[in-house]
1. Scan the range 66-120 for residues that are on the phi > 0 side of the Ramachandran plot and away from the ligand (no atom under 16 Å from the Cβ) and jot them down.
2. Only one of these conditions is not met by Ser310: (1) within 16 Å of the ligand (Cβ to nearest atom); (2) open to solvent by less than 20 Å² (accessible area, probe 1.4 Å). Which number is it?
3. At least 2 residues that are within 20 Å of Ala392 (Cβ to Cβ) and hydrophobic (A, V, I, L, M, F, W, C) in each: list the strands (runs of 3 or more DSSP E) lying fully within the range 35-88 that qualify.
4. Of the numbered conditions (1) open to solvent by 10 Å² or more (accessible area, probe 1.4 Å); (2) touching a helix residue (DSSP H, G or I) at 6+ places or on another chain (Cβ under 9 Å); (3) part of a loop (DSSP other than H, G, I, E, B); (4) within 28 Å of His25 (Cα to Cα), Pro300 satisfies every one except a single condition; which is it?
5. Taking only the range 1-19 into account, find how many residues are touching a strand residue (DSSP E or B) at 6+ places or on another chain (Cβ under 9 Å) and open to solvent by less than 40 Å² (accessible area, probe 1.4 Å).
6. Since Phe266 meets every condition but one in (1) open to solvent by 10 Å² or more (accessible area, probe 1.4 Å); (2) under 24 Å from Ser63 (Cβ atoms), which condition does it not meet?
7. Output the qualifying pairs, or none if there are none: Cβ atoms under 7 angstrom, residues six or more apart or on different chains, first residue in the range 265-281 and assigned by TED's automatic domain parsing to the domain that holds Ser411 and among the β-branched types (Val, Ile, Thr), second residue modelled with pLDDT of 95 or more and not in a helix (DSSP H, G or I).
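The values are calculated or read from the model by the stated rules, or taken from the named source; none is laboratory data. If you're wondering where the values come from, they're calculated on a predicted model, not measured in any experiment. Here the Cβ positions follow ideal geometry from the backbone for every residue, glycine too, while neighbour counts run over all protein chains shown. Surface accessibility is based on the protein's heavy atoms, side chains included, excluding ligands, DNA and RNA. Shrake-Rupley method; radii C 1.70, N 1.55, O 1.52, S 1.80 Å.
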Amino acid sequence: MAKRNPYPDAKKLLDFIDQSPSPWHATANMADQLRAAGYQLLDESTAWSLEPGSGYFVIRDESSLIAFQTGTAPPSASGFSLLGAHTDSPGLRVKPNPTTESKKLIRIGVEVYGGPILATFADRDLGLAGRLVYRDQDQLATRLVRFPTPIMRIPSLAIHMDRQVNEQGLKLDKQTQIPPLLGAASDELPAQQQFRQLLADQAQLDPDQIVSWELNLFDAQPGSFYGPAGEFIANGQLDNLASCHAAMTALLAQSGPGEQTRVCGFFDHEEVGSTSSKGAAGSFLADTLQRICATLESDPSAAKQALARSFLISADMAHAWNPAFASSYDDAHAVQVNGGPVIKINANQRYSTEALSEAIFADLCATAKVPVQRYVHRTDLPCGSTIGPITAAALGVRSIDVGNPMWSMHSARESAGAADHGMMIKVMNQFLSQKLPAV
Ligand SMILES: [Zn+2]
């Protein structure tokens, strides 16, 4: 008999990531889950009619999604339980005129999206996925595309030509050395047309129909469990599809509506600063919350009252202690893989956590019977940030930044603890299922 996987939540996460090689795919997959659970898709360009105690979702430009379940009480009386995460991951994006050809080899020009560890993209089986805009008669339409097998590679230079690589690290020039190898140039078609034909065949379109694209390279190796007891996981995009998956799982696990309105927001463009129409610094969440209140309530100040009662858990990954680099951590605030969810604290508000939100989240963990850890970055190193401070500032809600511990953040192949994912789902579940804290 096959041994039962002790980490079923982590297994579902790895499957979700394998099916979501781009923010567009992640959003489409979450939309499918919501539809299957009876959530109704709303269109931002039409009027909404909402019922108390019902599930809805909105998508902005195919890669940001907000799902919500209206409460049995009006938002102004019971507030919003907000969970936030981001759908994008750092990596490489294909340029509009991408092909260069030399000595019969085609390479693909890419931009660096966000802050990936570039060397980790070398010598990996790279897949290509994203969205195409194409002309359908007189209209523009979009279609997701994904190549089922690896089609590109960034071959590193042999050590025989780079004797210092182990002392100096693998350094790749973004313009001249990162462009991946696609394959051999054909005698019949120019390289640019060859690439378009490849895209068209995969998307079942005519090459002339393709107008534009956003295409993402990804590590085609599926996620895996490793360690003697399979206690660790590895995959691309754990940052931050793990938090998206945890929040979605918690939302869909709710047995019925609560008094308060439950909201999960998943935003693109976090890795490039969140400033876009669909990023966390844009108006998407504020617009949606405002419309929920305007639809359900008559008092024009209902949304402001609701926000004053609300609480946001912004979930993004945290840096787990790595014994090979112990000096990179504040020893008193080093967090352990498989040690449970992490509260991220930064006095300079790179994280939105303050003392009360910290205490509230620690209580949630205690009620959910999961351990909690606290992370503070080394004081002599600049700290990263996430959507928490941006969203909290825009909405004026009490907020906390949390996340699960992981290694190798922004590597093509990241790694984390298999037990932590289930614990994060439990605490998010607890948060969504109970009334908002009255502070
Ligand atoms: Zn992140």
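1. Gly79, Lys103, Lys104
2. (1)
3. Details: elements: 40-42, 55-60, 64-69, 80-86.
Fully inside the range 35-88 and qualifying: 64-69, 80-86.
4. Condition not satisfied by Pro300: (4).
5. The qualifying residues number 4.
6. It fails just one condition, (1).
7. The qualifying pairs are Val272/Tyr113; Val272/Gly114.
For every residue, the table says whether it meets (1) open to solvent by less than 20 Å² (accessible area, probe 1.4 Å); (2) more than 16 Å from the ligand (Cβ to nearest atom); (3) touching a Phe, Trp or Tyr at 6+ places or on another chain (Cβ under 6 Å); (4) modelled with pLDDT under 95.
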site	(1), (2), (3), (4)
Asp201	no, yes, no, no
Pro207	no, yes, no, no
Ile210	yes, yes, yes, no
Asn216	yes, no, no, no
Phe225	no, yes, no, no
Phe232	no, yes, yes, no
Gln237	no, no, no, no
Asn240	yes, no, no, no
Ser243	yes, no, no, no
